[in-house]
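Below is one structure, written out as structure tokens, with a few remarks after it.
A short reminder: the numbers here are calculations on the coordinates, not readings from a lab. Everything numeric here is computed off the predicted structure, so don't read it as measured data. Cβ coordinates were reconstructed from backbone atoms using ideal geometry, including for glycine residues, and neighbour counts include every protein chain displayed.
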Amino acid sequence: MSSIDEVRKASEQFYAAMNSMLVGDAGPLADIWSHSKEVTTMHPVGGREVGWDEVWGKWKDAAKMFSGGHIKLDDQLIRVAGDFAYEVGIEKGIAGHSGNEVSVECRATNIYIKEAGTWKIVHHHADVSPSMLDLLKP
């Protein structure tokens with residue numbers, strides 16, 4: 001399998017895990033992420049998390065907030081350089097909270113590194129989504 005195919009498989013695992021998170025189960029995200037102090041996220045609801053403890057905490061909190069939905073990455077572009085890879089694309093889907101749903105469409109960048117022969121995500125960034133911010137307002 002080529003490195004690009006391996007990263008594509010890791011991306012598929014990441015988005016499957018995100019879909020699990022949207023229905024309340026953040027657990028699968030722990031399998032695809034590196035657990036280092038160097039990992040980072042910038043979510044469509046704002047903020048920045050640094051280090052596995054903060055990143056994991058934010059994913060667990062998100063799983064508690066959302067009540068359904070799905071997400072996929074369209075227009076995917078993958079680049080690999082040795083044990084480093086990134087992908088860019090457009091995240092599209094639906095997010096549900098408290099009986100309401102909104103469409104989501106935002107640019108995303110994911111960065112992967114190869115750890116012990118397995119591609120792990122080390123950074124996820126998605127544009128801030130006004131519709132998601134409105135959905136999550138108290």
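Odds and ends about this structure:
- Close contacts from segment 30-41, counting a first residue that is in contact (Cβ under 8 Å) with a residue 12 or more places away in the chain and a second that is of a type in the set (S, T, N, Q), with Cβ to Cβ under 7 Å and a gap of 6+ residues or different chains, come to I32/Q13.
- Enumeration of residues in segment 84-117 that are among the hydroxyl-bearing types (S, T, Y) and in contact (Cβ under 8 Å) with a residue 60 or more places away in the chain: Y112
- Looking across segment 1-21, the residues that are farther than 21 Å from A62 by Cα and either out of contact with any Phe, Trp or Tyr (no Cβ under 9 Å at 6 or more places or on another chain) or of a type in the set (K, R) (or both) come down to M1, S2, I4, D5, R8, K9.
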